[in-house]
Structures are given as C-alpha cells and as structure tokens.
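**Q** The following block contains the structure, expressed as structure tokens.
The values are calculated or read from the model by the stated rules, or taken from the named source; none is laboratory data. Keep in mind the model is a prediction, meaning the values are calculated, not measured. Backbone-built Cβ (ideal geometry, glycine too); neighbour counts: all protein chains shown. Only protein heavy atoms, including side chains, enter the accessible area calculation; ligands, DNA and RNA are left aside. Shrake-Rupley method; radii C 1.70, N 1.55, O 1.52, S 1.80 Å.
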Amino acid sequence: MRSAISGAVILISPLSFIPKNQLLREFLGVFMERCRPKRVLEVFIIVTYVSTFGLAAIGGFKIDFIGIAPLVALVCIFLMIGAFCTRFGMLDIRAGIRCVVYALLLAPPITLSTYLGVWLSMPLQDQNLAFADAALGFDWASTIYFVDSQPLLAAIFNVAYLTFSFQLLLWPLILAAFKHEARARLMVAGFAVICFLSSFISIWTPAIGTYAYYGFDGATLKNLDILYGYYFLDEFNAVREDSNFVWNLASSKGILTFPSVHVATGLLCAWAAWPLKALRYPAILLNVAMACSAVTSAGHYAIDVIAGCGVAMVSIAFLVWITGAGRSSAGGPEVSRSAISLSK
C-alpha cells in the first residue's frame, strides 16, 4: 500500500496543477484577484485535511484519533476566549485568537504529512547530505566544538531553538493586536505551505541527522543542549520500520531533517514581523539564532539550513502571488510593500 500512497503523492504534487490551457489560466487569474488571506487559509485547512487523511486511508497508514482530543480541547478554549473578546469589543485580540485557532487546526494534517513522507521508507540520505556539507567547506564537528566552547553563544542557541512553537503562536497575536491581521493570516498559511512542501521533499531525503550519523559522543559537550539531535529518532525509526506503527498526534515529534522546518519557519517569522518597526530587528536576530541552532541543537546539516531558506522564500512568494499581496488592494498596501521587500 505504500506504493499506492507514493503514486498518489506524486499525482497531487504542485506540478500537476500547472494550467494546461488559456481558459484555465484565465480562471486562475480571476481566482487570484478574489483570493484573500482569510479565504486562502480556510481553503488550506479543508484541503489539507482531505488530502493528508485521505492519503493515509488509501495507503493503510494507521491513526489513533484519540491523540487529537487534547488539541480539540485547546481549540475550544481559544474559541471561548475569542467569544469573550467579541462580547467586550476586543476585536483586534479576537482576530489574533482566530489566527491561533487556524494554526492549531492545521497541526494534525501538517504533522501527519511529515509522518507520511518518512513512512514511505526511501533510502537514508545522510551520506549525500554530509557530502554536500563537505562540498560547501562546512566542518560540522569543528562548528559544534567551537559553539560549545562559548557558553553565552551556546546558551543563546539553546534558548533560540526552543522559541519555535512560541513564535508560531505569539506572532499572529502580536500582528493582529497591531492591526496587521492579513499579515498574521499569511504567516499561518505560510507555515502550512512550508510544512507540506518540506514533507513532500523529505520523501526522497529522509535522514537521521548529524549527531546519529557521525556517532557523536554528546557527553563530550559542556554547554550545548543536544537533546533534539536524538529526540526524534525513536519515532523516525518506528514509522519507517514498524509495520504495526500507529500515528498519535500527542506523541508526535519533528522527524524531518532535510529541509529544516525550523530554519524555514524562522525566515517566515522574520518576514511576518517586518511591518512592526519596533520588533523588526529583534525578530531577525532571534530567528538568525534559531536558524543557527538547527545545526547545533538539532543535528541538522548545513545544507538543511540552505534548503530551509529556499523553502521559506518559495512559500512566501507563492502566498504573496496567490493572495495578490504584492498588488495594491483591499488586502492593504502595508502587506504589499513589506512582502515584496523581504521576498526578493
């Protein structure tokens, strides 16, 4: 059944949606003119559930739906907070809460897509990724030992890596509070695009990461926290090798190595925060640190970082294009100018 899902994934790849005739191109143009961040996000949510859970059903991938229950409870809590904000006229906060709810709703299909990609059990690519690093002149071990020898730098990277989830929830709230709701919605949609594109790429690039591949002895380090360099391996190996594996959202881990979703998300967050002048450069510095921490804290190859940047730029450009954020419209000139400046 894995071959069936592999074929289905290829069939629904982005290349299959290229317009084949003038009529379809005109239809797509009209769709783009009317498309706005809110509508894009709602369509994404529907499509992602249908595609990911549909592919899982086609391939016979086992799912424990009870694992989604805690997320449902969390969504209900945020919906109640949103209702409270509506009742007392806190509309900007309500808009931010709505974006957070969208992000939470996207968590099951996004996470499932990463597991489906790894589940296909393509050959491990660590040797090729390590070769790419060598071709770039990047010495991974020397970099790790250097950062570990700098206590402050190691502490910054350790903390920066852990801001991933917090940024995904906080930036939409902050953007909406400062009347950039359209930007907040684009950020949530951008994260979804990044994850699905990364999951698709990772079908052919599964890897166990640097710490495991090089057989690195973590006991030799004094300051770097390398928990996440090994943390995902039990799930990664189980989904590839255990025929009785059952996916549970509550116990899921980040199992993708190439490209780095942390790096791609960091670039997305920096792009999203750009209209906030007071937070623009702190956001950039934080996410540069988070990108670097993907190598030191999570066992990514340098080429993973480069690929993550590429995935982020493609995803942002795609959303700017499909929502018309690059054109003067009701979507807001502020989205247009800043979107263009950082997507180039």
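**Q** In whole percent, how big is the carbon plus sulfur part of the accessible area of the stretch 144-234, probe 1.4 Å, protein atoms only?
**A** Accessible surface attributable to carbon and sulfur in the stretch 144-234 totals 71 percent.
**Q** Calculate the all-directions average of the projected area of the stretch 129-197's alpha-carbon convex hull, and give it in nm².
**A** 6.9 nm²
**Q** Compare the Cα positions of 138, 196, 66 along the charge dipole of the stretch 56-207 (+1 at Cβ of Lys, Arg; -1 at Cβ of Asp, Glu; about the Cα centre) and return the one farthest towards the positive end.
**A** 66
**Q** Extension gain residue 178-residue 124, at 0.36 nm per residue separation less the Cα-Cα distance, in nm?
**A** Contour length minus Cα-Cα distance gives 15.0 nm.
**Q** When the Cα centres of the stretch 170-215 and the stretch 79-151 are compared, how far apart do they sit, in Å?
**A** 5 Å
**Q** List, in order, the whole-Hz ³J(HN,Hα) value for each residue of the stretch 56-69 obtained from phi through the Karplus relation with A = 6.51, B = -1.76, C = 1.60 and θ = phi - 60°; use x for Gly and Pro.
**A** 4, 5, 4, x, x, 6, 7, 10, 9, 5, 4, x, 7, 4
**Q** Count the net charge of all other residues whose Cβ sits under 15 Å from the Cβ of residue 83, scoring Lys and Arg as +1 and Asp and Glu as -1.
**A** +3
**Q** Oh, and also: Taking the Cβ of residue 303 as the center, what net charge do the other residues with Cβ under 14 Å away carry, scoring Lys and Arg +1 and Asp and Glu -1?
**A** Combined, the nearby Lys, Arg, Asp and Glu give -4.
**Q** Moving to a separate point now. Tell me, what is the FRET efficiency for residue 46 and residue 149 to the nearest 0.05, using R0 = 51 angstrom and their Cβ-Cβ distance as r?
**A** 0.55
**Q** Rounded to the nearest 10 Å², what accessible area does residue 241 have for a 1.4 Å probe in the complete protein model?
**A** 140 Å²
**Q** Another one. Using only the Cα atoms, what convex hull volume per residue in Å³ does the stretch 99-253 have? Provide the component values of the computation, followed by the final result.
**A** Working: hull volume 21.8 nm³, N = 155.
Measuring per residue, one finds 141 Å³ for the Cα hull of the stretch 99-253.
**Q** Another one. Residue 63's amide H: which non-local residues (gap 5+, or another chain) put their own amide H closer than 5 Å, with H modeled 1.01 Å from N in plane and none for Pro or chain starts?
**A** 247
**Q** Sticking with this one: Averaging the inverse of every distinct alpha carbon separation and then flipping it gives the Kirkwood radius. What is it for the stretch 75-130, in angstrom units?
**A** Evaluated on the stretch 75-130, it is 14.0 Å.
**Q** At q = 0.12, 0.13, 0.20, 0.22 Å⁻¹, what log₁₀ I(q)/I(0) does the stretch 42-138 have when each alpha carbon counts as one equal point scatterer in the Debye sum?
**A** -0.60, -0.66, -0.98, -1.08
**Q** Excluding ligands, DNA and RNA, what is the solvent-accessible area per residue of the stretch 170-250 at a probe of 1.4 Å, expressed in Å²?
**A** 42 Å²
**Q** If I model a spin label as a point 7 Å beyond the Cα along the Cα-Cβ vector, how far apart are those points for residue 280 and residue 242 in nm?
**A** 4.9 nm
**Q** What are the equivalent ellipsoid semi-axes of the stretch 164-317, built from the alpha-carbon gyration tensor (square roots of five times its eigenvalues), in whole angstrom, biggest first? Mind showing how you got there, number by number?
**A** Values: eigenvalues 164, 68, 38 Å².
One finds semi-axes of 29, 18, 14 Å for the stretch 164-317.
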